[in-house]
Amino acid sequence: MKYHVQLTAETVKKYRRHKGLTRSDFARMVSMSDNYIYKLEADMIPLTDAAEQTIRRKLDLTDEELVKFNVLAAELEK
């Protein structure tokens, strides 16, 4: 499935922190390894389409919800 709003590694990290999740907890929620999430958040590896789909599906993260989160994150950074 293609999305109109791209999920980025930076957004993954911000979302995880906003939800108060440790990297390990987040990794378990999305069925990925801690090491993968670490490397993703550190921009050591790219966020693949397959990984984006998995994260979105596991978190039920729609384009609309992602836009809302991005607006909230931008406001919190001010």
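Search the stretch 46-64 for residues being within 20 Å of residue 25 (Cβ to Cβ) and among the aliphatic types (A, V, I, L, M), and hand back the single one that is surrounded by the most Cβ atoms within 10 Å (Cβ to Cβ).
To start, the set of residues in the stretch 46-64 that are within 20 Å of residue 25 (Cβ to Cβ) comprises 47, 51-52, 54-61.
Applying the additional criterion that residues be among the aliphatic types (A, V, I, L, M) yields 47, 51, 55, 59, 61.
Values: 47: 18, 51: 19, 55: 23, 59: 18, 61: 19.
Per the stated criteria, the residue is 55.
Within the stretch 1-32, can you find the residues that are within 16 Å of residue 57 (Cα to Cα) and hydroxyl-bearing (Ser, Thr, Tyr)? If the condition is that a residue be within 16 Å of residue 57 (Cα to Cα) and hydroxyl-bearing (Ser, Thr, Tyr), then 3, 8, 11, 15, 31 are the ones that fit.
Every number here is computed from the coordinates shown, using simple stated rules; none is lab data. Bear in mind the structure is a predicted one, so any value in this text is a computation, not a measurement. So basically every Cβ, Gly included, is an ideal-geometry build from the backbone, and we count neighbours across all protein chains shown.
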